[in-house]
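These notes concern the structure reproduced below.
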Amino acid sequence: MIKLEHVSKTYQEGVPALDDVSINIEKGEFVFVMGKSGSGKSTLIKLLLKELNPTEGEIYISGKNLSKINHKNIPNFRRKIGVVFQNFRLLQDRNVYENVAFALKVVEAPTKEIKRKVPLMLSLVNLAAKYKSLPRQLSGGEQQRVAIARALVNEPDILLADEPTGNLDDTNAWEIMKLLEEINERGTTVVVVTHNTEIVRKMNKRVIYIKNGRVVTDGEWGDINEA
Amino acid sequence: MKLNTFFYNFGQGLKNIWRNKLFSLASIATMTACIFLFGLFYSIGSNFKQMVRTAEEGVAITVFFDPGATQDQIDNIGNELSKRGEVKEYHFVSADEAWESFKTEYFKGKEELAEGFANDNPLANSANYEVYLNDISMQGELVTYLESLDGVREVKQSEVAADTLSDMNKLISVIFIGVIAILIAVAVFLISNTITVGISVRKEEIAIMKLIGAKDSFVRAPFIVEGVIIGFVGSVIPLVLLFFMYQTVIVYVAEKYNILNNFISFLPVGTIFHVLIPVSLLLGIGIGYVGSRLTIKKHLKV
């Protein structure tokens, strides 16, 4: 589903953010990408979303080489990837319903489809009762659940979550992780970038550990500890 | 674009205008000023050109024939004149008609002095073609051509009048084009500024839209709607103002300065606005469209 072959990314300053990274993530997997600040985790997400292009190497998603996708076709490519951010990135002037509907409007979905899908998605993230609330009226955990609903409403094949629990307390963080696990069990490939070791340990999933732009371990939590 | 997407983007465009009320108002005001000045220049310029055109129509060149020119040669000169595109009209003036005209003009009140020439037309060799042109700037070329024809003795022209009127026409055109170019540049700059403010307010929204799969056209649409609405409103207001102003000025000049009516004849409102309405709307909407499209372009590279 996601394949990186000897990918390097060097910014203009000359410092390599990623250095010869090769990763293979199968369809339906749940993978954590770990590493300290500045290790290259966010660069990896940006490369997967084609916000950035690698300096070297190739990236394949669902069999497609990202370097072969031209600017015009990037929107169609991104519609197959849901994305969740640490700071939620919700539209503050729109309520919960409108924030989720926004993702469908952007892809020019028919009104009927919007009216059918948004309530379903809000039920999935347990926010149906708060559909009229504005983001500022919600807790951090609730805001992240809205962001997840927005990321999933277009039924993507892959969900990328960049530090989804970074702004949440332990209880909310755990709830979000369980929600992501549930989404994964429904068939969506989930890639979570985090540095929350406690959650990673408890979830017991595959972990890719990046240090100074290089993959140093790739395996279960136990393998990381041993490394 | 789907209908619901169109309405969504139209609504977003209106929201943009509302969110940046002050900048939108400033843009509309600038656009109004630009289109108003354009309309004013156009109205004044058109009327002035019309006056110049009327003056031009009164300037004629006169083609005199050789003393021994045959009727065939004279007819041939007439034929050649009829083939020339720059010739609006021409007519033959016989020697007797020339003398009658001269008498009327120069012996008015002293007709008895002219009686001395009763049987001896002093203008016997003055039969001619009086030629009026469509475009007075072509006078020199036509004169050279006519002088080369058989049977032509002399071609008299009013070079000063022709040059002055021709230069005036050119000057009006140059000033008009210059002013319009400056106004368009100012308007595009201001619209671009307004759109930039709108984009900076919605920067996060644009970034999210791009990341969740919005096409460039979808991101661009509300800003283009915003620019086009500003351009439209900014051209309708001055058109209404100019319409009433123009009517008022015509009536005012006609009533207060009726002595000027012999020299100045204003073009009717319909003639001016028949051109001014579509051109101003096109200009306003065009400036709004181009200004917003150019501005949003550099923000789509996410």
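The values are calculated or read from the model by the stated rules, or taken from the named source; none is laboratory data. Remember, predicted model here, so these are calculated numbers, not experimental data. Don't worry about glycine lacking a Cβ; one is built from the backbone with ideal geometry, like all the others, and counts go over all protein chains shown. Each accessible area value is taken on the protein alone, full model and side chains, heavy atoms only, with ligands, DNA and RNA left out. Shrake-Rupley method; radii C 1.70, N 1.55, O 1.52, S 1.80 Å.
Using R0 = 41 Å, the C-beta based FRET efficiency linking B:Leu37 and B:Asn125 works out to 0.15. Mind jotting down the distance between the C-alpha centroids of segment A:1-50 and segment A:84-140, whole Å? Segment A:84-140 and segment A:1-50 have Cα centres spaced 29 Å from each other. Once the 1.4 Å probe is applied to the protein heavy atoms, segment A:68-153 comes out at 44 Å² accessible per residue. Straight-line reach from A:Lys72: which lysines have a Cα under 16 Å away, not including same-chain ones fewer than 8 places off? Within the straight-line cut-off, A:Lys72 pairs with A:Lys50, A:Lys64, A:Lys80, B:Lys210, B:Lys215, B:Lys297, B:Lys298, B:Lys301. In segment B:1-64, taking the dipole from charged Cβ atoms about the Cα centre, the farthest positive-side position among B:Ser24, B:Thr5, B:Phe36 is held by B:Thr5. Of the solvent-accessible surface of the protein assembly as shown, computed with a 1.4 Å probe and all protein chains present, 57% belongs to carbon and sulfur. On a per residue basis, segment B:35-101 carries 51 Å² of accessible surface, using protein heavy atoms and a 1.4 Å probe. Magnitude of the charge dipole for chain A, about its Cα centre and with charges confined to Cβ atoms of Lys, Arg (+1) and Asp, Glu (-1), is about 1020 debye. Have a look at segment A:72-94 and report residues whose accessible surface goes down by 50 Å² or more when the remaining protein chains are included, against the chain on its own, probe 1.4 Å, ligands and DNA/RNA excluded. By number: A:Pro75, A:Arg78, A:Arg89, A:Arg94. Net charge within 10 Å of B:Met138 by Cβ-Cβ distance, Lys/Arg positive one each and Asp/Glu negative one each, not counting B:Met138 itself? For residues surrounding B:Met138, the net value is -2.
Classify the protein assembly as shown from the C-alpha gyration tensor, please: rounded if a/c falls under 1.5, else prolate or oblate depending on whether a/b exceeds b/c. Prolate is the answer for the protein assembly as shown, as a/c is 1.5 or above and a/b outweighs b/c. Residue order by solvent-accessible surface for B:Tyr132, A:Tyr60 is A:Tyr60, B:Tyr132, largest first, with ligands and nucleic acids left out and a 1.4 Å probe. For segment A:134-183, just say rounded, prolate or oblate: build the C-alpha gyration tensor, square-root its eigenvalues into a ≥ b ≥ c, call rounded for a/c under 1.5, and beyond that prolate if a/b exceeds b/c, oblate if not. Cα axes put segment A:134-183 in the oblate bin. Less than 5 angstrom separates the built amide H of A:Asp19 from those of A:Lys9, A:Arg214, all sequence-distant by 5 or more or on a different chain.
Accessible surface of A:Trp221, taken over heavy atoms with a 1.4 Å probe and every protein chain present, rounds to 40 Å².
Between A and B, roughly 2100 Å² of accessible area is buried in total, ligands, DNA and RNA not counted and the probe set to 1.4 Å. Overall, the anisotropy analysis places segment A:1-87 in the rounded class: the square-rooted eigenvalues a ≥ b ≥ c of its C-alpha gyration tensor yield a/c less than 1.5. For segment A:81-152, trypsin sites (Lys or Arg not before Pro) meeting the loop criterion (DSSP other than H, G, I, E, B) and having at most 12 other Cβ atoms within 10 Å: A:Lys132. The 1.4 Å probe gives accessible areas that order B:Arg84, B:Arg53, largest first, as B:Arg53, B:Arg84. Largest first, the three principal axis extents of the alpha carbons in segment A:40-171 are 47, 38, 23 Å in whole numbers. For B:Lys2, the solvent-accessible surface computed with a 1.4 Å probe is close to 100 Å², ligands and nucleic acids excluded. For GluC sites (Glu not before Pro), the sites in segment A:1-96 that DSSP calls loop and that have at most 10 other Cβ atoms within 10 Å are A:Glu13.
Largest accessible area first, the listed residues A:Lys205, A:Lys211 line up as A:Lys211, A:Lys205 when surface is computed with a 1.4 Å probe on the assembled protein chains.
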